[in-house]
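The values are calculated or read from the model by the stated rules, or taken from the named source; none is laboratory data. All values reported here derive from a predicted model rather than from experimental measurement. We place every Cβ from the backbone using ideal geometry, glycine too, and count neighbours over all the protein chains shown.
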Amino acid sequence: MNKKLIAVAVAGVLAAPAVMADNSVTIYGVADVGLEQVEAKGATAGAASDVAGKSRVTSNSSYIGFKGQEELGGGLKAIWQIEQAIDIDDGGGASSNGFATRDSFVGLSSAAAGKVIMGRITTPTRAVASKLDVFPGQAGIGADTAILGSTGNTANKQGSLAFDTRKQNSVGFESAKIAGMTLSAAYIANENRTNSNNPWGWGAGLTGGWGPVTAMFAYEEHRGTNGLNGNNLTAASAHGSLDTNYRIGLGFSQSGLTLNAIYEMMELRGGNATAVNGQVTELARDAFWIGAKYAMGSHEVRLAYAMAMAADQTVNFASQEVADSEGQQLSVGYGYNFSKRTQVYGVYSTVENDKNAAFDFGPSKSRTGTAAGADPEGFSIGVRHLF
């Protein structure tokens, strides 16, 4: 009897690698925390609306992830991934509400046809900004989302960075690479439809890579999401609203030097109920971002500049430029790599707002809550570790 048990145990151990090779789970993630000093002074309404200088410890897009795949035969695979944001600084905040708060999905993948996934996903416009940002993880006070995807609360209208958030209840497609190019698409389901509103969206993108050169284009639209009025889905102004975003990105990387650029055109249109009583029914603005990184040995230097041009608004069916609605950001960073997985870094970033603009540091954990006309400014020293 004992010999039979030993034989079964040995057979199980010998068989385990074959099973794990087909159903293995990879655990990975990022732990990134910085000590920051931030402020936002010069508010149009006066010093009472300024954000006084303060120090804070901020978790910069730290997360843990699990992923795996199963070979189904004929070049087809089942794929899955679950990622969860982690607030290392305080253990709470928005990322603690629920699970799978980052890219999390299940789907099928084929080398010949591409892949289809369902869940919470990165859509094409977000992919442009996150891939080309020279600051790791599109995180911290230097991230490109201080300008990209934001209205700067111009005319008291705020798009809430809707084009740079992962979309839940979505289906994504990515084609196989053809002549160096990949087509992507996303559908955002109308799961929150009501009798008075039908919010949904879609997007498409094209990415090409040829040696050191990368080119990206993306278009995305959100219907019924009411970006003009704070993404309030239940407001009367939500029905019929349309938010659109075009992004074009170019990148070059060779011999330690990376040069990237993005141009964006964003437009937020109110729904049927906003075209009366002198309300803003449409807000549009263009923006651009350029970034550079140079790596030499264990050292990395980063520089980025972004500008949101003056917005145009429509009131009572008449279009006009919004005075003093421009914003710009300058970010400088340095990183020292102790290894391929651990880096210490320093970042300085400043946002300059015209008197009617309130652009702020992009990621939610990095924002200062600036008022119109105030200029957010910050310095961060931190550690980033990949596992």
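With respect to the numbered conditions (1) in contact with a Lys or Arg (Cβ under 7 Å, 6 or more places away or on another chain); (2) over 28 Å from G369 (Cβ atoms); (3) surrounded by 13 or more Cβ atoms within 10 Å (Cβ to Cβ), which one is the sole condition not fulfilled by D103?
The failed condition is (2).
Counting only residues that are among the hydroxyl-bearing types (S, T, Y) and part of a loop (DSSP other than H, G, I, E, B), how many does the stretch 41-99 have?
Residues meeting the conditions: 3.
Mind checking which pairs have a first residue in the stretch 304-332 that is in contact (Cβ under 8 Å) with a residue 12 or more places away in the chain and a second that is loosely packed, with under 14 Cβ neighbours inside 10 Å and part of a strand (DSSP E or B), Cβ under 6 Å, 6 or more apart or different chains?
A310/E321; D312/S319; D312/E321
What are the pairs with Cβ atoms under 6 angstrom where one residue, in the stretch 177-190, is part of a strand (DSSP E or B) and the other, located anywhere, is of a type in the set (F, W, Y)? Sequence gap at least six, or different chains.
Hits for this filter: A185/F173; Y187/W202; I188/W200.
Take T145 and decide whether it is modelled with pLDDT under 95, buried (at least 19 other Cβ atoms within 10 Å of the Cβ) and either out of contact with any helix residue (DSSP H, G or I) (no Cβ under 7 Å at 6 or more places or on another chain) or assigned to a strand (DSSP E or B) (or both).
no
Check Q329 against each of (1) touching a helix residue (DSSP H, G or I) at 6+ places or on another chain (Cβ under 6 Å); (2) modelled with pLDDT under 95 and name the one condition it does not meet.
(2)
Just name the residue that is farthest from L35 (Cα to Cα) out of those in the stretch 335-353 that are surrounded by 15 or more Cβ atoms within 10 Å (Cβ to Cβ) and hydroxyl-bearing (S, T, Y).
The selected residue is T350.
Can you find, within the stretch 315-360, the residue that is farthest from A129 (Cα to Cα) among those that are of a type in the set (S, T, Y) and touching a Leu at 6+ places or on another chain (Cβ under 8 Å)?
T342
Quick check on my filter: what residues within the stretch 202-216 are closer than 20 Å to A185 by Cβ and free of Cβ contacts under 8 Å to residues at least 40 places away in the same chain?
Once the filter is applied, which keeps residues that are closer than 20 Å to A185 by Cβ and free of Cβ contacts under 8 Å to residues at least 40 places away in the same chain, the stretch 202-216 yields W202, L206, G208, G209, A215.
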